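A.B. asks: Have a look at the structure that comes next, please.
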Amino acid sequence: MRQTSGDRQARYTDGEAAEKDMLVALKSTEDVSLDSEELMQKVKDMPSYHHLGIGRSAVLRCLDLPAESRVLELGAGCGAITRYLGETFACVEAIEESPIRAEVARERCRDLENVSVLCENLRYERFAPNYDIAVIIGVLEYAPVFIYPGEAPRDACLRLLKLAKSALDSNGYLVLAIENRIGLNYWAGAPENHTGRPYDGVHEYPNAGSPITFTRKELQKLLADAGFSHTAFYFCFPDYHYAKTILSSTGDEREYFLHNWVDFPLDALSNPRKPTFNKPLAAKVLCESGMLREFANAFLVVAGSHHVPPPDWIARRYDMRRKASLRIVTTLYAQPEPFVQKTSPHSIARNSCDASSSQVKHQMGDAEWQPGNLLTFEIERAALGRNFSEYVKALMDRYHKELKDHFGTGERDAEGYPLLKPGSVDAVFTNIIQNEAGEWCFIDEEWYADSKISIDFMLYRCLRSCLYRHGIRDSQARKMIRSLYPSYNRSRHKKNRALAEAFLRERFPKLINPRLLKRSLVWRIARNDIVRFYLEKVWFRTPHRIRAFIRSRL
């Protein structure tokens, strides 16, 4: 029998006001489904984006679990994962201690008759072994603080895992997601996700009473002690909350160049510290040493008391920020020969799909896998050197030649610029593999324009999308293109900029409420390339305490 706790207070929240706002948003939204773009329009701050944003389910989408399963979720929060479970599995019972959060989760799942959300305290729970799957997403680390306070941190986590195991039948699985105590982001100085202090996990949590995370070996031992003798680990980047890349344990990470699959977004201004090293290059070094998985930012684990089948894929990548019809899952398989497959996230088994828009055509399907490093790693390394400007000039000269060699049509437009094949629209640095011989191979030809493309547009698009983070701004891009085509003027540049922005609008909808970004004078100034460049410099030179104060007021 399950015992309901008595009078209790919600102890882990994003703030009562924020959670009440989410409840109001859900009640005023007709479509509360997993990928609701209507609901995304109600996002107003980081807490609401965290709980309502599209893409939270990627961490579970990669798993192949029986749809007829009876699922128990321990710690439902505001229902982002609960919603996915309800849309995927036959029966879902979710438990959340916070009354307001439980109410938000119920509202998120209001149209799912197979979901029940109970507001109860896990400390007093007892379960019969009736469930096929137990889910603990972002909850285990808080067991010493909120569920079993007063117990030793590891003992509290062990007790929660044993509670989950008691709910599973003999063939059941635990699905667990948690940050890696020694994740690459943390070494680079990112604040610990639970304490807000940098290096807390690396320093073994020196302050008593804080949440606790684990390394892979520590977590594997903890699961074994709880009775889960078999595990399958998955490795999440940039984290499990909005996982973009998930690596399985299958295959040698060095053989498959898995650092090519990992993204490290630019650190937001909310990060009070400038990274201590270049994370993409560090990931490459770790991968070449066979240690990238060990330093993943987060883990996803499937655990059981019996054999856990390994996946048949090596790496899986999710692009969920796009418009619904253009969202995609890219998967690397090893058998029969290594190949890459692109499918819809709504149907992983589907082999191909076309989605057309007014300017571009989107195609999915299979492609040959290419060994080698993405060209972006060479760029990252060159950016740390003394002669980056000379390198960029040589790079653009070669890129210009490679475009003509691979995609040239022999035709020119009315202004005399060479025309490229429609498939060249995806031929940017992030889609170029450089092999050991230094040869370039264009990959990931997913987008096709509706007509031939002028070469100056591709030069601008590549500079804008791949070198902006390295300080190459719009005016510099114009000068570089003019060095290749002296007739390239401001009018032509403005046209290319408009085309590039239109291409982005084709793929990425404006899901965040535009009222959050009012076109005030300050906003227009901050958007200026030159002003933004110096604002970033000032920000990183501002003392840590002042930046922390500013972030707390944003």
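A.B. asks: Can you pull out every residue in segment 208-231 that is out of contact with any Ser or Thr (no Cβ under 9 Å at 6 or more places or on another chain) and assigned to a loop (DSSP other than H, G, I, E, B)?
C.D. replies: Within segment 208-231, ALA208, GLY209, ILE212, THR213, THR215, ALA226 qualify.
A.B. asks: Within the group SER289, SER305, which residue is surrounded by fewer than 18 Cβ atoms within 10 Å (Cβ to Cβ), within 24 Å of PRO265 (Cα to Cα), of a type in the set (Gly, Ala, Ser) and at pLDDT 90 or above?
C.D. replies: SER289
A.B. asks: Consider only pairs whose beta carbons are under 9 Å apart and that are at least six residues apart or on different chains; among these, list those whose first residue lies in segment 92-105 and is open to solvent by 20 Å² or more (accessible area, probe 1.4 Å) and assigned to a helix (DSSP H, G or I) and whose second residue is at pLDDT below 95 and among the hydroxyl-bearing types (Ser, Thr, Tyr).
C.D. replies: Going by the 9 Å Cβ cut-off, the qualifying pairs are ILE100/THR13.
A.B. asks: Okay, next question. Could you check segment 484-498 and list, in sequence order, the residues that are assigned to a loop (DSSP other than H, G, I, E, B) and either under 15 Å from LEU419 (Cβ atoms) or in contact with a His (Cβ under 8 Å, 6 or more places away or on another chain) (or both)?
C.D. replies: TYR485
A.B. asks: Considering ARG547, ARG478, ARG505, ARG461, which residue is on the phi < 0 side of the Ramachandran plot, open to solvent by 60 Å² or more (accessible area, probe 1.4 Å) and either modelled with pLDDT under 65 or part of a helix (DSSP H, G or I) (or both)?
C.D. replies: ARG505
A.B. asks: Would you please name the residue that is nearest to LEU74 (Cα to Cα), looking only at residues in segment 132-172 that are open to solvent by 10 Å² or more (accessible area, probe 1.4 Å), out of contact with any helix residue (DSSP H, G or I) (no Cβ under 7 Å at 6 or more places or on another chain) and of a type in the set (Asp, Glu)?
C.D. replies: Within segment 132-172, the match that is nearest to LEU74 (Cα to Cα) is ASP132.
A.B. asks: Tally the residues that are assigned to a strand (DSSP E or B) and at pLDDT 95 or above, restricting the search to segment 361-401.
C.D. replies: 2
A.B. asks: Can you give me the number of residues within segment 405-424 that are outside any loop (DSSP other than H, G, I, E, B) and hydroxyl-bearing (Ser, Thr, Tyr)?
C.D. replies: Summing the residues that are outside any loop (DSSP other than H, G, I, E, B) and hydroxyl-bearing (Ser, Thr, Tyr) in segment 405-424 gives 2.
A.B. asks: Right, something else. With the condition kept exactly as written, say whether any residue in segment 330-347 is within 14 Å of the chain's Cα centre (by Cα) and charged (D, E, K, R).
C.D. replies: Within segment 330-347, none of the residues are within 14 Å of the chain's Cα centre (by Cα) and charged (D, E, K, R).
A.B. asks: Continuing with this model, one more query. So if I check each of TYR186, TYR205, TYR234, TYR240, which one is crowded, with 22+ Cβ neighbours inside 10 Å and part of a loop (DSSP other than H, G, I, E, B)?
C.D. replies: Result of the check over TYR186, TYR205, TYR234, TYR240: TYR240.
A.B. asks: For the subset of segment 414-438 comprising residues that are of a type in the set (D, E, K, R) and within 30 Å of the chain's Cα centre (by Cα), which member is surrounded by the most Cβ atoms within 10 Å (Cβ to Cβ)?
C.D. replies: Checked segment 414-438; the qualifying residue surrounded by the most Cβ atoms within 10 Å (Cβ to Cβ) is ASP426.
A.B. asks: Go through the residues of segment 111-126 one by one and say whether even a single one is surrounded by fewer than 23 Cβ atoms within 10 Å (Cβ to Cβ) and either aromatic (Phe, Trp, Tyr) or under 30 Å from GLN341 (Cβ atoms) (or both).
C.D. replies: Scanning segment 111-126, I find at least one residue that is surrounded by fewer than 23 Cβ atoms within 10 Å (Cβ to Cβ) and either aromatic (Phe, Trp, Tyr) or under 30 Å from GLN341 (Cβ atoms) (or both), so the answer is yes.
A.B. asks: Assess whether ALA282 counts as being open to solvent by less than 10 Å² (accessible area, probe 1.4 Å) and not β-branched (Val, Ile, Thr).
C.D. replies: Spelling it out, it is not the case that ALA282 is open to solvent by less than 10 Å² (accessible area, probe 1.4 Å) and not β-branched (Val, Ile, Thr).
A.B. asks: Do any residues in segment 193-210 that are more than 17 Å from ALA296 (Cα to Cα) and modelled with pLDDT of 90 or more have Cβ atoms under 6 Å from those of residues that are crowded, with 19+ Cβ neighbours inside 10 Å and among the β-branched types (Val, Ile, Thr), where the two are at least six apart or on different chains, and which pairs are they?
C.D. replies: Cβ pairs passing all conditions: TYR205/ILE212.
A.B. asks: Now for a different question. Which of the numbered conditions does VAL43 fail, given that it passes all the others? Conditions: (1) in contact with a Phe, Trp or Tyr (Cβ under 9 Å, 6 or more places away or on another chain); (2) in a loop (DSSP other than H, G, I, E, B); (3) surrounded by fewer than 19 Cβ atoms within 10 Å (Cβ to Cβ).
C.D. replies: Unmet for VAL43, out of (1) in contact with a Phe, Trp or Tyr (Cβ under 9 Å, 6 or more places away or on another chain); (2) in a loop (DSSP other than H, G, I, E, B); (3) surrounded by fewer than 19 Cβ atoms within 10 Å (Cβ to Cβ): (3).
The values are calculated or read from the model by the stated rules, or taken from the named source; none is laboratory data. Everything numeric here is computed off the predicted structure, so don't read it as measured data. All Cβ positions, glycine included, derive from the backbone under ideal geometry; neighbour counts span all protein chains shown. Remember, those area values only see protein heavy atoms, side chains included, never the ligands or the DNA or RNA. Shrake-Rupley method; radii C 1.70, N 1.55, O 1.52, S 1.80 Å.
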